[in-house]
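K.L.:
Take a look at the following structure, please.
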Amino acid sequence: VQLQASGGGSVRPGGSLKLSCTASGNLGNIYSMGWYRQVPGKLREVVAFITNDGSTNYVDAVKGRFAISRDSAQNTVYLQMTSLKPEDTAVYYCNAYQLGSPTMYYWGQGTQVTVSS
């Protein structure tokens with residue numbers, strides 16, 4: 001599975017960005033896709049993910065501001081980020097979780113999101 005992420009950039013506080021992640025390859029048994037973020041010196045943390053039945057989950061810090069969605073036909077997941085705050089600044093990574101033996105986690109290349117005045 002290959003993941004291609006795009007959409008990062010620099011915005012002012014209160015601004016919006018939309019991240020995209022397109023999956024390709026052997027996509028059978030993909031249970032969920034989502035987004036993580038990481039800042040220097042800290043562990044990578046989950047931001048949001050969407051399961052294959054359409055259920056969504058968000059970290060508390062982004063609830064009400066971020067929305068994850070998918071286009072199954074395009075094998076693409078989106079993260080619409082609104083009301084961005086400086087603390088949202090991070091490298092954002094797309095993730096896919098594939099069931100199987102063994103279970104596999106796939107990562108896309110990171111995309112930088114910077115929120116600064």
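The values are calculated or read from the model by the stated rules, or taken from the named source; none is laboratory data. Computed from a predicted model, the values in this text were never measured in an experiment. Every residue, glycine among them, receives a Cβ derived from its backbone with ideal geometry; neighbour counts consider all protein chains shown. Note: areas computed on protein heavy atoms with side chains; ligands, DNA, RNA excluded. Shrake-Rupley method; radii C 1.70, N 1.55, O 1.52, S 1.80 Å.
K.L.:
Given a cut-off of under 8 Å on Cα pairs at least six residues apart, what relative contact order in percent is computed for the chain?
P.N.:
Values: 282 pairs, mean separation 43.1, N = 117.
For the chain, the relative contact order is 37 percent.
K.L.:
With Cβ to Cβ distances under 11 Å as the rule, what net charge do the other residues near residue 81 carry (K, R +1; D, E -1)?
P.N.:
Numbers: positive: 18, 37, 65, 85; negative: 88.
So the surrounding residues net to +3.
K.L.:
Return one whole number: the accessible area per residue of the chain in Å², for a 1.4 Å probe. Walk me through the numbers before you get to the answer.
P.N.:
Values: 6200 Å² over 117 residues.
That works out to 53 Å² per residue.
K.L.:
Order of 82-88, 29-35 by packing, highest average Cβ count within 10 Å first? Each step should come with its number before you reach the end.
P.N.:
On the way: 82-88: 15.1, 29-35: 19.9.
Ranked from most to least packed, the peptides come out as 29-35, 82-88.
K.L.:
Give the carbon-plus-sulfur fraction of the accessible surface of the chain in %, rounded to a whole number; probe 1.4 Å, heavy atoms of protein chains only.
P.N.:
Details: 3010 of 6200 Å².
Roughly 49 percent of what the probe reaches on the chain is carbon or sulfur.
K.L.:
What distance in nm separates the simple spin-label points at residue 80 and residue 112, each placed 7 Å from Cα in the Cβ direction?
P.N.:
2.7
K.L.:
Measuring from the lowest to the highest alpha carbon on each principal axis, how far does the stretch 37-117 reach, largest first, in angstroms?
P.N.:
Answer, in whole Å and largest first: 44, 26, 23 Å.
K.L.:
Could you state the number of Å between the C-alpha centres of the stretch 90-111 and the stretch 14-63?
P.N.:
9
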